[in-house]
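The values are calculated or read from the model by the stated rules, or taken from the named source; none is laboratory data. These figures come from a predicted structure and were not determined experimentally. Reconstructed Cβ throughout: ideal geometry from the backbone, glycine too, with neighbour counts over all protein chains shown.
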Amino acid sequence: MRILVVEDEAKAADYLHKGLSESGYQVTVAQDGLEGQHQFSTVVFDLIILDVMLPALDGWQLLQIIRRQAATPVLFLTARDAVEDRVKGLELGADDYLVKPFSYAELLARVRTLLRRGPLRETQHFRLADLELDVLQRRVSRAGERITLTNKEFALLHLLLSHADEVLSRTLIASHVWQMNFDSDTNVVDVAIRRLRAKVDDPYRPKLIHTVRGVGYQLTEAP
């Protein structure tokens, strides 16, 4: 399980990194809101632990950015203990709110609870409009017609379908499909998307693969 900790206080960040790593999680630390946004747009995390008072981009703003793109569980961990702050955090889309100072045992219990809310096993069948993908049979069809894809094209479509309606950056796509990070000027993702479109999108209506200028790609029924 991957956890992103966005915390600008070095001692607290080190404590969280050490404790969560020892509990078996893969932990990435971001020291300000902009770095947290970059990490979120680059890697798929299972949980985000977020402070409110952050430099560059505060926790409220970062949470709004996260919620526009994903339903990743978010736990606020902050010294802001006023009732109105708790209410604001939850109304903006946080899944839990824990006030500093905190007990690590309580934090770990809340982390485990949030992670258990996800599916117990990976979805094996995806459908969006008339596009279908079966993971076990490695079968793709659209409008009832069988479509043959290469391994990379299948992996790319699987990623897009498993994050339907989310905007995925080119870096994130590259890291998941090719298991490495590419330089920003590398067009391998754009080429792969173009080939995938030719097979699963161009001959059909409505168009499902959309380019989000300056960001990446989105698989959605929305125009």
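For this structure, a couple of remarks:
- Positions within the stretch 46-86 being over 19 Å from Ala30 (Cβ atoms) and part of a loop (DSSP other than H, G, I, E, B), in sequence order: Ala71, Asp81, Ala82
- Val111 vs. criteria in the same structural domain as Tyr25 (by TED's automatic domain parsing) and either more than 26 Å from Leu160 (Cβ to Cβ) or surrounded by 16 or more Cβ atoms within 10 Å (Cβ to Cβ) (or both): yes
- Test: residue in the stretch 87-104 that is assigned to a loop (DSSP other than H, G, I, E, B), surrounded by fewer than 21 Cβ atoms within 10 Å (Cβ to Cβ) and among the aromatic types (Phe, Trp, Tyr): yes
- Annotation note: of Glu91, Glu35, Glu84, the sole residue that is out of contact with any strand residue (DSSP E or B) (no Cβ under 6 Å at 6 or more places or on another chain), among the acidic types (Asp, Glu), assigned by TED's automatic domain parsing to the domain that holds Ala10 and touching a residue at least 12 places away in the same chain (Cβ under 8 Å) is Glu35.
- For the stretch 204-223, a residue qualifies if it is touching a residue at least 40 places away in the same chain (Cβ under 8 Å) and more than 24 Å from His38 (Cβ to Cβ), and the qualifying residues are Tyr204, Pro206, Leu208, Ile209, Glu221, Ala222.
- If you go through the stretch 45-68 and pick out every residue that is surrounded by 18 or more Cβ atoms within 10 Å (Cβ to Cβ), in contact (Cβ under 8 Å) with a residue 40 or more places away in the chain and not acidic (Asp, Glu), you end up with 8.
- Applying the criterion of at least 2 residues that are of a type in the set (Gly, Ala, Ser) and surrounded by 12 or more Cβ atoms within 10 Å (Cβ to Cβ) to the helices (runs of 4 or more DSSP H) found wholly in the stretch 128-223 leaves 151-162, 170-177.
- Per-region count, the stretch 7-44, residues under 15 Å from the mean Cα position of the chain (by Cα) and of a type in the set (A, V, I, L, M, F, W, C): 4
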